[in-house]
Amino acid sequence: MTVRNPGGVARSYLRTVGDVWQPALEGNATLVYDAELDPAMLLGDGPVTYEGAAHMAEISAFAELSRENMKVLHEAGVHPTEV
């Protein structure tokens, strides 16, 4: 089942744990950057800098999913505020 809501798309399903079905919910987690930073910078007075890389494919996929989600919500009469 796909859950469409103003916060984004989520997916729910049942999985087997032993002899029992257990519900699971996944959604709204997108890896957008890998970054390395020196933890000592967090304690310092200066700005925190880091070296990293954006995951543009993930960012683009989430943006497309978000656009599709908003379209379906609007078609269903739900009009959340877009940020």
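When region 42-77 is filtered for residues that are modelled with pLDDT under 85, under 19 Å from ARG11 (Cα atoms) and either of a type in the set (Asp, Glu) or over 16 Å from the mean Cα position of the chain (by Cα) (or both), only GLU58 remains.
With the structure loaded, tell me whether ASP38 is more than 21 Å from ARG11 (Cα to Cα), surrounded by 10 or more Cβ atoms within 10 Å (Cβ to Cβ), without any contact (Cβ under 8 Å) to a residue 12 or more places away in the chain and not hydroxyl-bearing (Ser, Thr, Tyr) or whether it fails that test. Before you say what the answer is, go through the steps one by one.
Values: more than 21 Å from ARG11 (Cα to Cα): yes; surrounded by 10 or more Cβ atoms within 10 Å (Cβ to Cβ): yes; without any contact (Cβ under 8 Å) to a residue 12 or more places away in the chain: yes; not hydroxyl-bearing (Ser, Thr, Tyr): yes.
Yes.
Listed by first and then second residue, the pairs with beta-carbon distance under 8 Å, at least 6 apart or on different chains, first residue in region 6-32 and modelled with pLDDT of 75 or more, second of a type in the set (S, T, N, Q) and open to solvent by 80 Å² or more (accessible area, probe 1.4 Å), are GLN22/THR16.
The values are calculated or read from the model by the stated rules, or taken from the named source; none is laboratory data. Small disclaimer: the values here were computed from a predicted structure and weren't measured. Counting neighbours? That spans all protein chains shown, and the Cβs are built from the backbone with ideal geometry, glycine included. To get the accessible areas, we keep the full protein, side chains included, count just its heavy atoms, and leave off ligands, DNA and RNA. Shrake-Rupley method; radii C 1.70, N 1.55, O 1.52, S 1.80 Å.
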